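Below is one structure, written out as structure tokens; the observations come after it.
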Amino acid sequence: MSNGKEPRGVRNCNPLNIVHGSKWKGLRPEQTDPRFCQFVSMQYGWRAALIILRNYVSGMNGKRPPCDTIEKIVNRWAPPTENNTSAYVKCVATAVGIDMRTRVQWRDRVVICAIVKAMAYQECSRLFDIEEIYSVYDMLS
């Protein structure tokens, strides 16, 4: 259990700070954070984050225009009305090692997981283990 000094996303097992709204698998029975989901384990937080990213990249399986670049993903995830989105985009693109306007695809495990890891760093100021993210990605693919 957390000592209270951990970043909010770590305390909530929600490394991308997903806001309340969907009935995600693995939510804690009691949600005490007024804004962000709280998961029973970090794996469920990664799972929700990866599902959201999969939906962005696929355009909800063709129901919406795809958010298939780091620039589009981050602009949707962290809109400029709430964040310094341009700095967030640059940090994620630099961490992943691709141009912010390069199209990405869900089946590119290395890039997708690197994007999620970089976004989690932006949200929590903490480096996470890429192997944990890979293991959750593999369960979804």
Within-12-Å neighbourhood charge of D108 [Cβ basis; K, R +1; D, E -1] = +3
ask   = In units of 2.2 N^0.38 Å, what is the alpha-carbon radius of gyration of the chain?
value = 0.99
query = Taking amide hydrogens as modeled 1.01 Å from N in the peptide plane, which residues meet the under 5 Å criterion relative to C37, leaving out close sequence neighbours?
reply = I18, V19, H20
request  = Between W106, W24, W77, find the one with the highest GNM mean-square fluctuation for the chain; connect C-alpha pairs within less than 10 Å.
outcome  = W24
ask   = Among K63, K90, K72, which one moves the most in a GNM of the chain with springs linking Cα atoms closer than 10 Å?
value = K63
query = Just for the Cα atoms in region 64-141, what are the lengths along the principal axes, largest first, rounded to whole Å?
reply = 34, 30, 21
task = Let me know the charge dipole size of the chain about its Cα centre in debye, to the nearest 20, where only the beta-carbon of Lys, Arg (+1) and Asp, Glu (-1) is charged.
result = 360 debye
query = What whole number of Å gives the distance from the Cα centroid of region 31-59 to the Cα centroid of region 72-141?
reply = 13 Å
inquiry  = Given a 10 angstrom Cα cut-off, can you work out which residue in M42, M60, M119 is the most mobile in a GNM of the chain?
reply    = M60
ask   = How far is helix 109-124 tilted off the main Cα axis of the chain, in degrees rounded to 10, range 0 to 90?
value = 50 degrees
task = Convert each backbone phi in region 45-58 into a coupling constant with the Karplus relation 6.51 cos²θ - 1.76 cosθ + 1.60 (shift: θ = phi - 60°), then list the ³J(HN,Hα) values in order as whole Hz, x for Gly and Pro.
result = x, 4, 4, 4, 4, 5, 5, 4, 5, 4, 5, 4, 5, 7
key: Cα-based helix-to-principal-axis angle, 130-140 vs the chain, degrees rounded to 10   = 80 degrees
task = Please check which bits of region 96-120 a label hung off S58 would reach, taking the label as a point 7 Å along Cα-to-C-beta and the cut-off as backbone N under 14 Å.
result = 105-108
note = FRET efficiency (I130, R101; Cβ distance; R0 35 Å; to 0.05) is 0.90
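Readers should treat all values here as calculations from the given coordinates under stated rules, not as data from a laboratory. Computed from a predicted model, the values in this text were never measured in an experiment. Cβ sites come from the backbone with ideal geometry, for glycine too, and all protein chains shown count toward neighbours.
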